[in-house]
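S.K.: Structure below; questions to follow.
The values are calculated or read from the model by the stated rules, or taken from the named source; none is laboratory data. Quantities reported herein were computed from a predicted structural model and do not represent experimental measurements. Please note: Cβ atoms are built from the backbone with ideal geometry, for glycine as well, and neighbour counts cover all protein chains shown.
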Amino acid sequence: MFPKISGPAITVTAGVLCLLLGVFIGQNTNSVLKDSNHRRQRRYTSLEDEEGCNISLRLVQDNWKRDLPLKADNINLVNITNLRDDLKELSRRPHMAATPRDEELARLIQRRFVESGFDTSELVPYEVLFSFPNRSNPNLITITDGSGNIVFRSKFKEEVLHEGDDDPEFVHAFSAYTPSGDVKTAPGIGVVYVNYGRVEDFDKLKELGIDVTGHIVMARYGKIYRGNKLIHAEQRGAKGIIMYSDPRDVALEGVEPQEVYPNTFWLPGSGMQRGRPLYQKETPLTPGWPSTEHAYRISEKDADFPRIPCQPIGYDDAKVIFEKLGGQKPPKDWVGGLEGLAYNLGPQMTPEFRRHSIRLQSHNRREIRRSYNVVATIRGEVEPDRYVLMGNHRDAWGYGAADPSSGTAQMLETARVLGELMKDGWRPRRTLVFCSWGAEEFGMLGSTEWVEEHLDKLTERSVLYINTDICASGPIMNVPSSPLVWDAILEVSKLVPGVRNGETIYDELVAYYSLRNQTSPAMTTLGGGSDYGPFSFYCGIPSLDIWFKTDKNKYDISIYPSYHTGYETFYMMEKHIDPGFRIIQGCSRMALLTLKYFGDSVIIPYSLERFPEAAKKALDSFKDNGARDELVEIYDKYYLLEESVNNFTVATSVFANKVKTMESSLKDPIMIRAINDQMMKLEQVFVLPAGLPGRSETRHAIFAPSQFDGYDASGFPGISDLLYEYNLLRPGDLRRKKEEEIKRHISDVTILFQRATGLLEDFHII
């Protein structure tokens, strides 16, 4: 039996213990500080009892675990009415980057962060090169007859189908950064239909004996990034490209008025997908450096812009072109959803149109304009120099109700909720950084500029970057991300109510994937296409992208049909995509808890073992597709890469188990800091300073987009890219050069895994 201790004795003892603990922490934390005047050690030993106790508790207290019972209260603060009202205002008018409405929204968002109680909220300007169509001289596809009469002229903006959808500032259909140009076919020659414009599609045409050199080609949207379609066409000698959305991808229930917008969420025939098919992912005129007012700019002729004109059209206009095409019949899976069409490959026109010609005219121009980011912070209480960031781009090609305004509405509401929590006395352990990015649609310009300006701070201090571009395009949560955060995402999804009929979002995921014969929710790495790019692929900062996608068990489509068109409106969201706004609410709740999980946990909740697991799976895919044998033949030390991945897997498992064993009893703030720093830097080890072969803007050697599809996630992308068409090279200098590039890159990646293994060793071991 323990002796009974009186109340006053307990109070005195607790006070002494807190004082001693405060002195101990002060000695260990500050013993390295030097007095600049007297050159002697300083120690902080004059803490009051209560202050010392409070400091010690803050350093080691896990507020995420402490506040778990309050999580339901936290997420219940996310208000649907606020989300609806914000989305309505954000999507009320078009707000393309660097326009007056875009700046107006930037200032509105800045004010909202201030009103929410953030410690800072600033407008951050950059002087960036943009691309615009000529409003008085629209881009057109025309068909002329043998007498030179125009018998067809394409639309350059959508038909107005719902009240309020017409705005004089809505941009004409165009492909940003593609050049102005005027290309025409010979009489009787139309276009070459190239399906989705993938590598395999062009290879199929070559197999069929169809050469696209000197022709205009026509590709349907979907499957891969639009920029890759243009690159593939240009590399094969095409002189222009037309892109359109096919009913097979955007109007699965028919093209009659009652089956499309405004009556359903399917795309009408005049819907045209705007976008940027720019190859270069860096900022165009200041690659690697921020486009500040005083920055040096390379000339436009030295920038890597597309060289052939490109124009998007709707499927109504595409049908007119297809009706006149002759040539070979297409492969069966190339036939789209336009009824009564053969989808002939061309380039010849049918006999009755042997004197007709097709002409593509574009009148785009480039112009430097100012674009703003909005960056706001909530200062961390314990670790203000550690950042958990969340970003969403603000600009849209039109009304942008889904992309990006559903994400912006989420961010504003999440900021408001955090402000309410601060009024109740909460402060995050780490600093939270909220970012409203400008000019994402022109190539992630706002986020890239900011990362380039603050590269050193971000790589030293960032714990996580959370992206919410399109919060709501369907009911199924999808969070591509670094494997380091896979488990955390699933844990958070178990705390958030479902957006359909499930008890939680996690339950809904399990039900969704069970219908796809998968026993657990699928977790994937990041492809390209949004503002996580500069954080993940350039800096190696663990990143994730929270969005809700279409139900592929119901409709197997790449993206929601109104994407980047004039029909992506508030009405579309409220009526068809997210009635009741439960999806955007679920997105906000996921973002809120993910911020708090990584912002408040003492030990950063990375899922360490998932990273080598995903890397090993990606490496094993080379065995599955037969590429490993080819790699071994090229480089007899390839086995060392496999060995280094295995060693890294073991080291990560050992380290993760140590952390789990220590976590519940770990009270040494210096040890906590050291462990977190080790984990924070782990993914950054896999950044190649010079970038992947031929891609200086992409530096993540393990998980990054493929060179041949900017949207697609890829494991070991450098190896895959280098192997592309290697076996088509004849023996000689070019083949030997490629082999040396492959050897060098495999060697580089092997060393990166060895470095990562070394990073997880005990601190005193170098």
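S.K.: Report every pair of residues separated by at least 6 positions or lying on different chains whose Cβ atoms are under 6 Å apart, first residue within segment 376-391 and farther than 18 Å from Thr459 by Cα and touching a residue at least 60 places away in the same chain (Cβ under 8 Å), second aliphatic (A, V, I, L, M) and in a strand (DSSP E or B).
M.R.: Correct list of pairs: Ile378/Leu432.
S.K.: Mind checking which pairs have a first residue in segment 290-305 that is within 18 Å of Tyr126 (Cα to Cα) and in the same structural domain as Pro179 (by TED's automatic domain parsing) and a second that is among the β-branched types (Val, Ile, Thr) and outside any loop (DSSP other than H, G, I, E, B), Cβ under 6 Å, 6 or more apart or different chains?
M.R.: Qualifying pairs under 6 Å: Ser291/Val128.
S.K.: Looking only at segment 449-500, which residues are closer than 22 Å to Leu77 by Cβ, over 17 Å from the mean Cα position of the chain (by Cα) and hydrophobic (A, V, I, L, M, F, W, C)?
M.R.: Those that are closer than 22 Å to Leu77 by Cβ, over 17 Å from the mean Cα position of the chain (by Cα) and hydrophobic (A, V, I, L, M, F, W, C): Ala488, Val492, Leu495, Val496, Val499.
S.K.: May I pose another question? Consider Ser536 carefully, then state whether it is within 23 Å of Asn373 (Cα to Cα), buried (at least 24 other Cβ atoms within 10 Å of the Cβ), of a type in the set (Ser, Thr, Tyr) and touching an Asp or Glu at 6+ places or on another chain (Cβ under 7 Å). Working first, answer last.
M.R.: Numbers: within 23 Å of Asn373 (Cα to Cα): yes; buried (at least 24 other Cβ atoms within 10 Å of the Cβ): yes; of a type in the set (Ser, Thr, Tyr): yes; touching an Asp or Glu at 6+ places or on another chain (Cβ under 7 Å): no.
When the stated conditions are applied, Ser536 does not pass them.
S.K.: Let me ask something else about it. If you go through segment 565-578 one residue at a time, do you hit one that is surrounded by fewer than 24 Cβ atoms within 10 Å (Cβ to Cβ) and touching a Lys or Arg at 6+ places or on another chain (Cβ under 7 Å)?
M.R.: Yes, segment 565-578 has at least one match.
S.K.: When you scan segment 739-749, how many residues do you find that are more than 14 Å from Pro717 (Cα to Cα) and touching a residue at least 12 places away in the same chain (Cβ under 8 Å)? Before the answer, list the steps.
M.R.: Taking segment 739-749 and keeping what is more than 14 Å from Pro717 (Cα to Cα), we get 739-740, 743-744, 747.
Of the ones still in play, those that are also touching a residue at least 12 places away in the same chain (Cβ under 8 Å) are 739, 743, 747.
The qualifying residues number 3.
S.K.: Okay, next question. Is one or more of the residues making up segment 181-192 among the small types (Gly, Ala, Ser), surrounded by 24 or more Cβ atoms within 10 Å (Cβ to Cβ) and at pLDDT below 95? If you could, list the steps in order and put the result at the bottom.
M.R.: Of all residues in segment 181-192, those among the small types (Gly, Ala, Ser) come to 181, 186, 188, 190.
Filter once more, so that each one left must be surrounded by 24 or more Cβ atoms within 10 Å (Cβ to Cβ): 190.
If we keep only those that are at pLDDT below 95 as well, we get 190.
Yes; the residues of segment 181-192 include at least one that is among the small types (Gly, Ala, Ser), surrounded by 24 or more Cβ atoms within 10 Å (Cβ to Cβ) and at pLDDT below 95.
S.K.: For segment 61-79, how many residues are among the polar types (S, T, N, Q) and more than 16 Å from Thr504 (Cβ to Cβ)? Walk me through it before giving the result.
M.R.: Narrowing segment 61-79 to residues among the polar types (S, T, N, Q): 61, 63, 74, 76, 79.
Still in the running and more than 16 Å from Thr504 (Cβ to Cβ): 61, 63, 79.
Going through segment 61-79 one residue at a time, the tally reaches 3.
S.K.: Does segment 537-551 contain any residue that is among the acidic types (Asp, Glu), under 19 Å from the mean Cα position of the chain (by Cα) and not in a loop (DSSP other than H, G, I, E, B)? Even if it seems obvious, please write down each step before you answer.
M.R.: The first filter runs over segment 537-551 and keeps only residues among the acidic types (Asp, Glu), leaving 545, 551.
Checking which are under 19 Å from the mean Cα position of the chain (by Cα) leaves us with 545.
Within this subset, residues satisfying the condition of being not in a loop (DSSP other than H, G, I, E, B) are 545.
Yes: segment 537-551 contains one or more residues that are among the acidic types (Asp, Glu), under 19 Å from the mean Cα position of the chain (by Cα) and not in a loop (DSSP other than H, G, I, E, B).
S.K.: Restricting to segment 627-659, what's the tally of residues that are surrounded by 19 or more Cβ atoms within 10 Å (Cβ to Cβ) and among the polar types (S, T, N, Q)?
M.R.: Adding up the residues that qualify gives 2.
S.K.: I'd like to check something: does segment 386-394 contain any residue that is touching a helix residue (DSSP H, G or I) at 6+ places or on another chain (Cβ under 9 Å), part of a loop (DSSP other than H, G, I, E, B) and closer than 26 Å to Arg92 by Cα? So that I can check it myself, show each step before the final result.
M.R.: Residues of segment 386-394 that are touching a helix residue (DSSP H, G or I) at 6+ places or on another chain (Cβ under 9 Å), as a first pass: 386-394.
This time we only want the ones that are part of a loop (DSSP other than H, G, I, E, B), so: 394.
Adding the requirement that they be closer than 26 Å to Arg92 by Cα leaves 394.
Among the residues of segment 386-394, at least one is touching a helix residue (DSSP H, G or I) at 6+ places or on another chain (Cβ under 9 Å), part of a loop (DSSP other than H, G, I, E, B) and closer than 26 Å to Arg92 by Cα, which makes the answer yes.
S.K.: Condition first: touching a Pro at 6+ places or on another chain (Cβ under 8 Å), over 21 Å from Lys319 (Cα atoms) and of a type in the set (Gly, Ala, Ser). Now tell me which residues in segment 147-175 satisfy that.
M.R.: None - no residue of segment 147-175 is touching a Pro at 6+ places or on another chain (Cβ under 8 Å), over 21 Å from Lys319 (Cα atoms) and of a type in the set (Gly, Ala, Ser), so the list stays empty.
S.K.: Cβ contacts < 8 Å: first residue closer than 9 Å to Ala409 by Cβ, restricted to segment 70-98; second residue basic (Lys, Arg) and assigned to a helix (DSSP H, G or I), any location; separation 6+ or different chain. Result?
M.R.: Between residues of segment 70-98 that are closer than 9 Å to Ala409 by Cβ and residues that are basic (Lys, Arg) and assigned to a helix (DSSP H, G or I), the close pairs are Asn82/Arg416.
Conditions (1) outside the structural domain of Gln410 (by TED's automatic domain parsing); (2) of a type in the set (Asp, Glu), marked per residue:
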| site | (1), (2) |
| --- | --- |
| Ser588 | no, no |
| Leu593 | no, no |
| Pro605 | yes, no |
| Ala614 | yes, no |
| Lys617 | yes, no |
| Ser621 | yes, no |
| Asp624 | yes, yes |
| Asp629 | yes, yes |
| Val632 | yes, no |
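S.K.: Next up: Could you check segment 422-535 for helices (runs of 4 or more DSSP H) lying wholly inside it with 3 or more residues that are free of Cβ contacts under 8 Å to residues at least 40 places away in the same chain, in the same structural domain as Lys552 (by TED's automatic domain parsing) and on the phi > 0 side of the Ramachandran plot?
M.R.: On the way: elements: 445-453, 455-461, 486-493, 505-514.
Result: empty, no element qualifies.
S.K.: Scan segment 669-683 and tell me whether some residue there is within 20 Å of the chain's Cα centre (by Cα), closer than 26 Å to Ala522 by Cβ, modelled with pLDDT of 95 or more and buried (at least 17 other Cβ atoms within 10 Å of the Cβ).
M.R.: The answer is yes, given that some residue of segment 669-683 is within 20 Å of the chain's Cα centre (by Cα), closer than 26 Å to Ala522 by Cβ, modelled with pLDDT of 95 or more and buried (at least 17 other Cβ atoms within 10 Å of the Cβ).
S.K.: Now for a different question. For segment 595-691, give me every one of the helices (runs of 4 or more DSSP H) that falls completely inside it and has 2 or more residues that are within 30 Å of Val417 (Cα to Cα). Reasoning before the result, please.
M.R.: Details: elements: 610-624, 627-634, 638-663, 669-682.
Filter on segment 595-691 gives 669-682.
S.K.: Considering only segment 389-407, I want to know if a residue exists there that is touching a strand residue (DSSP E or B) at 6+ places or on another chain (Cβ under 8 Å) and either surrounded by fewer than 20 Cβ atoms within 10 Å (Cβ to Cβ) or under 19 Å from Gln61 (Cα atoms) (or both).
M.R.: Within segment 389-407 (the criterion being touching a strand residue (DSSP E or B) at 6+ places or on another chain (Cβ under 8 Å) and either surrounded by fewer than 20 Cβ atoms within 10 Å (Cβ to Cβ) or under 19 Å from Gln61 (Cα atoms) (or both)), the answer is no, since none of the residues qualifies.
S.K.: Could you check segment 734-766 and list, in sequence order, the residues that are assigned to a helix (DSSP H, G or I) and touching a Ser or Thr at 6+ places or on another chain (Cβ under 9 Å)?
M.R.: Residues of segment 734-766 that are assigned to a helix (DSSP H, G or I), as a first pass: 734-759.
Correct list: Val749, Thr750, Ile751, Leu752, Phe753, Gln754, Ala756, Thr757.
S.K.: State whether one or more residues within segment 194-216 are hydroxyl-bearing (Ser, Thr, Tyr) and crowded, with 24+ Cβ neighbours inside 10 Å. Even if it seems obvious, please write down each step before you answer.
M.R.: Going residue by residue through segment 194-216, those that are hydroxyl-bearing (Ser, Thr, Tyr) are 196, 213.
Subset that is crowded, with 24+ Cβ neighbours inside 10 Å: none.
No, that holds for no residue.
S.K.: Within segment 140-147, is even one residue of a type in the set (A, V, I, L, M), over 32 Å from the mean Cα position of the chain (by Cα) and assigned to a strand (DSSP E or B)? Walk me through it before giving the result.
M.R.: Within segment 140-147, the first condition is being of a type in the set (A, V, I, L, M), and the residues that meet it are 140-141, 143.
Subset that is over 32 Å from the mean Cα position of the chain (by Cα): 141, 143.
Pick out the ones that are also assigned to a strand (DSSP E or B) and you get 141, 143.
Among the residues of segment 140-147, at least one is of a type in the set (A, V, I, L, M), over 32 Å from the mean Cα position of the chain (by Cα) and assigned to a strand (DSSP E or B), which makes the answer yes.
S.K.: If you don't mind, there's one more thing I want to ask. Please pick out the residue among Ile557, Ile584, Ile604, Ile634 that is under 30 Å from Leu161 (Cα atoms) and out of contact with any Cys (no Cβ under 7 Å at 6 or more places or on another chain). Can you show your working first?
M.R.: Working: Ile584 fails: out of contact with any Cys (no Cβ under 7 Å at 6 or more places or on another chain); Ile604 fails: under 30 Å from Leu161 (Cα atoms); Ile634 fails: under 30 Å from Leu161 (Cα atoms).
Among Ile557, Ile584, Ile604, Ile634, only Ile557 is under 30 Å from Leu161 (Cα atoms) and out of contact with any Cys (no Cβ under 7 Å at 6 or more places or on another chain).
S.K.: Please give the number of the condition Arg135 fails out of (1) closer than 27 Å to Asn392 by Cβ; (2) among the charged types (D, E, K, R); (3) free of Cβ contacts under 8 Å to residues at least 60 places away in the same chain.
M.R.: The failed condition is (1).
S.K.: Which condition does Arg111 not pass, out of (1) outside any strand (DSSP E or B); (2) surrounded by 14 or more Cβ atoms within 10 Å (Cβ to Cβ), if it passes all the others?
M.R.: That leaves (2) as the condition not met.
S.K.: Collect the residues in segment 197-245 that are of a type in the set (D, E, K, R), assigned to a helix (DSSP H, G or I) and under 17 Å from Ile308 (Cα atoms), keeping them in residue-number order.
M.R.: Start the filter on segment 197-245 by keeping residues that are of a type in the set (D, E, K, R), which leaves 198, 200-201, 203-204, 206-207, 211, 220, 223, 226, 229, 234, 236, 239.
The next check asks that each one be assigned to a helix (DSSP H, G or I); those that pass are 200-201, 203-204, 206-207, 226, 229, 234.
Scanning segment 197-245 gives Arg226, Lys229, Glu234.
S.K.: Sticking with this structure for a sec: Looking only at segment 717-751, which residues are hydrophobic (A, V, I, L, M, F, W, C) and more than 15 Å from Tyr639 (Cα to Cα)?
M.R.: Applying the first criterion (hydrophobic (A, V, I, L, M, F, W, C)) to segment 717-751 yields 719, 722-723, 728-729, 734, 742, 746, 749, 751.
Selection gives Leu722, Leu723, Leu728, Leu729, Leu734.
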